[in-house]
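Input: a single structure, listed below in structure tokens.
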Amino acid sequence: MKVLVATEKPFAAAAVEGIRKEIEGAGHELALLEKYTEKAQLLDAVKDADALIIRSDKADAEVLDAAAKLQIVVRAGAGFDNIDLAAATAHKVVAENTPGQNSNAVAELVMGMLVFAVRNFYNGKSGSELMGKKIGLLAFGNVGRNVARIAKGFGMEVYAYDAFCPKDVIEKGGAIAVDTQEALFETCDIVSLHIPATPETKQSINYALVNKMKKGGILVNTARKEVINEEELIKLLAEREDLKFVTDIKPDADEEFAKFEGRYFTTPKKMGAQTAEANINAGIAAAKQINAFFATGDTKFQVNK
Ligand code: 3PG
């Protein structure tokens, strides 16, 4: 079988080697398409692929149409909003993710961005500390749980709201469960977003919600840009000079946000999962899932069921 790794933002070299070992060790062939700049390159490369490993690369209907032999696509990572699941199902392609494999990397970045924010983006002026502050996790999945673990080490009070996670699971994970997302924003000094981009969550982080934050509130986004209502957040930041917004996903309206100097920061390219460890974990998990699928038909991590 031919397994294509198509990554516009490549894995660390050690991860690619690990993937190669897994795939070739199982008797399959590995093809690499890294740092491609045109969709046409992807459309060409998928033509004869039986399996596909991607990161945030878009596996849309056009890609799935072009991939005539494709049986399985694995998103090496958590969020699979970049795969057209209906098109995958229509083509009888199994779509999978590798949940949890890169979550520590994202959680560590959250804390790094928070230290940066409370220390005024290292501008030399007196800042504040994270110890004793209340952090609210919007969703308590793999990333939220890791943030909770690390935030407790910083001496923070951890709160969480998750529409799908039972309260006792949140409490076992070391966080105080609140009843609504509104309550999370009202209670916490910092809110960190860990929700996926779904029809329900898109644009849900809006003026009314963020305006519930106390004076000096910080909003951290390492999830997806689509969950933010950018227009409304810009309006709010203009009205409330006490709020800060730090993000690992450059907003569409980056230039507008950049006007809030000293209160806004974005990484140039999403780098939450951009560590050797996360690449190795997620990449090798993806390779193993593909091997298991071809060996026994295993579809444990299928997301288009
Ligand atoms: C994920 O959903 O796993 C993260 O957003 C990482 O995305 P990336 O592989 O494009 O860095």
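The values are calculated or read from the model by the stated rules, or taken from the named source; none is laboratory data. Because the structure is predicted, anything quoted here is derived from the model rather than measured. For neighbour counting, all protein chains shown are included, and Cβ atoms are generated from backbone atoms with ideal geometry for every residue, glycine included.
Couple of notes before you dig in:
- Test for G127: is it within 26 Å of P99 (Cα to Cα), among the small types (G, A, S) and in the same structural domain as N211 (by TED's automatic domain parsing): no
- The numbered conditions (1) under 22 Å from the mean Cα position of the chain (by Cα); (2) over 30 Å from D84 (Cβ atoms) are all true for H194 except (2).
- The sole residue among A88, A66, A76 that is away from the ligand (no atom under 16 Å from the Cβ), at pLDDT 95 or above and crowded, with 22+ Cβ neighbours inside 10 Å is A88.
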